[in-house]
Amino acid sequence: MSAKTADRIATGVIISVAVFIVALLASLLGFILVRGIGHISFDFLTSAPQTIKAGGGIGPQLFNSLFLLVLTLMITVPLGIGAGIYMSEYAKPGRLTDFIRLIVEVLSSFPSIVVGLFGLLVIVNLFGLGFSLFSGALALTVFNLPLMVRITEQAIRGVPREQKEASLALGLSRWKTITSVMMPIALPTIVTGTVLASGRVFGEAAALLFTAGMTSPRLDFTNWNPFSPTSPLNPFRPAETLAVHIWKINSEGLAPDAAQIAAGASAVLVIVVLLFNFTARWFGRFLYKKLTASK
């Protein structure tokens, strides 16, 4: 076989595999959206679910998912970026640094059900936080933090060495070099890592069953006191997220339209994840252009 023939065969195989993966993903997304988008309405997105009657919505569950995302990112992003900067620029090579990297790799591969049981034993019971949004955010931080640390470290290491050395040669401190020269260049990659972590928050169910809970109190959206048990802004209340709600409906739903509610909720979950991904990527490119003055 000639080199040109082998190259054409290899190229054809690679393109075929790529087309198959894209088609498979598009078919899955299309099936979910076509099956559920007809059940989406304003009332469906804002009303509370019904236990045994038809016509329930996903309003509280959708709000809980968004609120849990904000809480998780508030914990994960600062810790992940700080740890990634330390591992990239300050940690000295040695056994301790290698051990920390090993721990990060192990944590990133933990099954979510194990993280959920850990959250139940330590966060919910030992620390006494109970089933709450805050407990769920801490549990999600356990396996989102290694992802943020690893991506931030790789993004910082990916900055051209010449730019770092030029900044230091001009008399800038190491911290000023990191914040003003290296971080703007690494920002798109860090935003991508944040997007991956956020998608995991939206789609996670196993870990939240044991930490955030499977029920939500009746919320009063006119009560914005974060210390009130009926306030939607209270982070220490039980909260059923959208992914948990879909699992619960499919496993023990008693409403006559449970299948339609699950299909509509699944479509909403996919749409929200897609919108968040596109918005976050646009925001990352916007920040990169703004901070680096590039066109």
Would you mention how many residues in region 168-193 are without any contact (Cβ under 8 Å) to a residue 40 or more places away in the chain and farther than 25 Å from residue 278 by Cα? 12
Yes/no for residue 224 being without any contact (Cβ under 8 Å) to a residue 60 or more places away in the chain and part of a helix (DSSP H, G or I): no
Mind listing whichever residues of region 168-193 are open to solvent by 20 Å² or more (accessible area, probe 1.4 Å) and touching an Asp or Glu at 6+ places or on another chain (Cβ under 8 Å)? 174
With the checklist (1) outside any helix (DSSP H, G or I); (2) within 30 Å of residue 272 (Cα to Cα); (3) open to solvent by 50 Å² or more (accessible area, probe 1.4 Å) in hand, flag the one item residue 196 doesn't pass. (1)
If a residue counts only when it is among the charged types (D, E, K, R), which helices (runs of 4 or more DSSP H) contained entirely in region 10-114 have at least 3 such residues? 95-108
Every residue from region 233-292 that is open to solvent by 40 Å² or more (accessible area, probe 1.4 Å) and among the hydroxyl-bearing types (Ser, Thr, Tyr): 251, 279, 288, 292
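Going by the structure shown, is residue 120 more than 19 Å from the chain's Cα centre (by Cα) and surrounded by fewer than 19 Cβ atoms within 10 Å (Cβ to Cβ)?
When the stated conditions are applied, residue 120 passes them.
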Can you pull out every residue in region 124-134 that is among the hydrophobic types (A, V, I, L, M, F, W, C), within 23 Å of residue 63 (Cα to Cα) and either part of a loop (DSSP other than H, G, I, E, B) or touching a Leu at 6+ places or on another chain (Cβ under 8 Å) (or both)? 129, 131, 133, 134
Against the condition more than 13 Å from the chain's Cα centre (by Cα), over 25 Å from residue 239 (Cα atoms) and among the β-branched types (Val, Ile, Thr), how does residue 103 come out, does it pass? yes
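Being in contact with a helix residue (DSSP H, G or I) (Cβ under 7 Å, 6 or more places away or on another chain) and surrounded by fewer than 22 Cβ atoms within 10 Å (Cβ to Cβ) is the filter here, so list the residues in region 202-231 that pass it.
Answer for region 202-231, where residues must be in contact with a helix residue (DSSP H, G or I) (Cβ under 7 Å, 6 or more places away or on another chain) and surrounded by fewer than 22 Cβ atoms within 10 Å (Cβ to Cβ): 202, 203, 205, 206, 214, 219.
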Going by the conditions given, is residue 99 open to solvent by 50 Å² or more (accessible area, probe 1.4 Å) and either among the hydroxyl-bearing types (Ser, Thr, Tyr) or out of contact with any strand residue (DSSP E or B) (no Cβ under 8 Å at 6 or more places or on another chain) (or both)? yes
Test: residue in region 135-150 that is in a loop (DSSP other than H, G, I, E, B), over 15 Å from the mean Cα position of the chain (by Cα) and of a type outside the set (Lys, Arg): no
Do we find a residue being open to solvent by 60 Å² or more (accessible area, probe 1.4 Å) and within 23 Å of residue 247 (Cβ to Cβ) anywhere in region 158-167? no
Of 52, 37, which residue is more than 25 Å from the chain's Cα centre (by Cα), within 25 Å of residue 248 (Cα to Cα), of a type outside the set (D, E, K, R) and open to solvent by 80 Å² or more (accessible area, probe 1.4 Å)? 52
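The values are calculated or read from the model by the stated rules, or taken from the named source; none is laboratory data. Keep in mind the model is a prediction, meaning the values are calculated, not measured. Counting neighbours? That spans all protein chains shown, and the Cβs are built from the backbone with ideal geometry, glycine included. Just so you know, the surface numbers come from the protein's heavy atoms only, side chains and all, with ligands and any DNA or RNA stripped out. Shrake-Rupley method; radii C 1.70, N 1.55, O 1.52, S 1.80 Å.
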